[in-house]
Amino acid sequence: MAMMTPNIQATDCSNLIPSLTSLFPPRPLHRPLSLPHSRFISKASLHHPSSPSSSSSSPPSLVSRRQLISQTASLSLSLATLLSLPLPAKSEEVLSEWERVYLPIDPGVVLLDIAFVPDDLNHGFLLGTRQTILETKDGGNTWTQRSIPSAEDEDFNYRFNSISFKGKEGWIVGKPAILLYTSDAGESWERIPLSAQLPGDMVYIKATSEKSAEMVTDQGAIYVTSNRGYNWRAAVQETVSATLNRTVSSGISGASYYTGTFNTVNRSPDGRYVAVSSRGNFYLTWEPGQPFWQPHNRAIARRIQNMGWRADGGLWLLVRGGGLFLSKGTGISEDFEEVPVQSRGFGILDVGYRSEEEAWAAGGSGILLRTTNGGKNWTRDKAADNIAANLYSVKFINDKKGFVLGNDGVLLRYLG
């Protein structure tokens, strides 16, 4: 069905509760042995200990050559053992490239998105479930809770899904349907009314230029505005369900079981989208100017967990169970090759690129992986293994500022 530009009016939504889901003690070094080094053994140290049969007037007897060799060997062995002992472990282990930032929120809050004001990279906002909005003004070292009066007027427990800034203008979308806008870098937020006929839940928003933004719902609707949200224009002509109903006979595997919603959606810097079906059995892409989403069969046996864009313009693909694949070449492709990763059997949930060569991947049970050659090889950051949380979002604001978001209020800040 064709999507019409919705009239901007307030909507009532039902209350919807969010549903996302050793250090060893230091080993003290042994006290250094009180044996002198063999090259500094004096004559006095070569005397035999006194015995009942010897008298004080008796001349000291020197050790034999065999005894001297035996003492020297024992001393060398003791020194070698001493030097081979490991250094004591620090009482508080610091992540090699990341540090944990503790937040003033309930442990059950799931963090969902983070963004900073481009003109002031010390000023940022962090979103999550349970109507969580946190604000920092020191680059992410400390965070304070922020309340939005227009979001507290109704008895809803909002889940804030996405945030984006362009200059001092910022946008926030959440579920149940809510849209917030700021023109003063987040000092104040106003609520923009939305149509009750909006197809699906808003899961992503991108500030594109002055008073302009792009908004995506989990049913594949893409809307754009150029007048700070007063009017929205549909960028695609139909929802993904309608597209698949037309193309179900075109050979898309699993389309007949499609539920009509996205599991994940990611946007490239030049405006292209890649989205994974809710069942993970195929994926879809969209480029500016196309009237419909383009479905693609997956070339991998396992179901897709997430997909996104590399810094060089290619695609990365994660499958359930921990597999990581990279597309061959750049642009939209159906040709992928697997790269080995040390995931320890835990699923990898997201990948974030710091540059074309360096990227980080995060996953279940504190998995953190790093590549420095564009994704060909990955190494595991073992220092994050003691974080008992799933890490599922990696976001680099620039090459010096990055964050990893997890459940139970876990936030990691990049130190590099």
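Where a number appears in this text, it was derived from the coordinates with a stated rule and is not lab data. Note that the structure is a prediction, hence the values are computed from the model and not measured. When we count neighbours, we look across all protein chains shown, and the Cβ atoms used for this are built from the backbone with ideal geometry, even at glycine.
Using the Stokes-Einstein relation with a Kirkwood hydrodynamic radius computed over Cα pairs, the translational diffusion coefficient of segment 315-416 at 10 °C and a viscosity of 1.306 mPa s comes to 116 µm²/s. Note that segment 320-331 has calculated 3J(HN,Hα) couplings of 5, x, x, x, 10, 10, 10, 6, 7, x, 10, x Hz, one per residue in order, obtained from phi through the Karplus relation 6.51 cos²θ - 1.76 cosθ + 1.60 (θ = phi - 60°); glycine and proline are x. Residue by residue through segment 340-345, which ³J(HN,Hα) values in whole Hz follow from phi under the Karplus form 6.51 cos²θ - 1.76 cosθ + 1.60 (θ = phi - 60°), with glycine and proline marked x? Residue by residue, segment 340-345 yields x, 9, 9, 8, 6, x Hz. Distance between the pseudo-spin-label points of SER96 and ASP119 (7 Å out from Cα toward the beta carbon): 4.1 nm. Each residue, SER268 and ASP408, gets one label point 7 Å from its Cα in the Cβ direction; the gap between the two is 3.8 nm.
Modelled spin-label separation between ARG146 and ASP385, with each label point placed 7 Å from Cα along the Cα-to-Cβ direction: 3.8 nm. Other residues lying with their Cβ under 13 Å from the Cβ of ALA359 contribute a combined charge of -3, Lys and Arg counting +1, Asp and Glu -1. When TYR414, TYR283, TYR230 are arranged by Cβ crowding within 10 Å, least crowded first, meaning fewest neighbours, the order is TYR230, TYR414, TYR283. Share of pairwise Cα-Cα distances greater than 18 Å in segment 107-214 is 44 percent (whole percent). On the beta carbon distance between ARG233 and HIS296, with R0 = 30 Å, the FRET formula returns roughly 0.70. In segment 327-360, whose amide N lies under 14 Å from the spot 7 Å out along Cα-to-Cβ of ASN373? List them in ranges. Hits in segment 327-360 for ASN373 at 14 Å: 339-341, 357-359.
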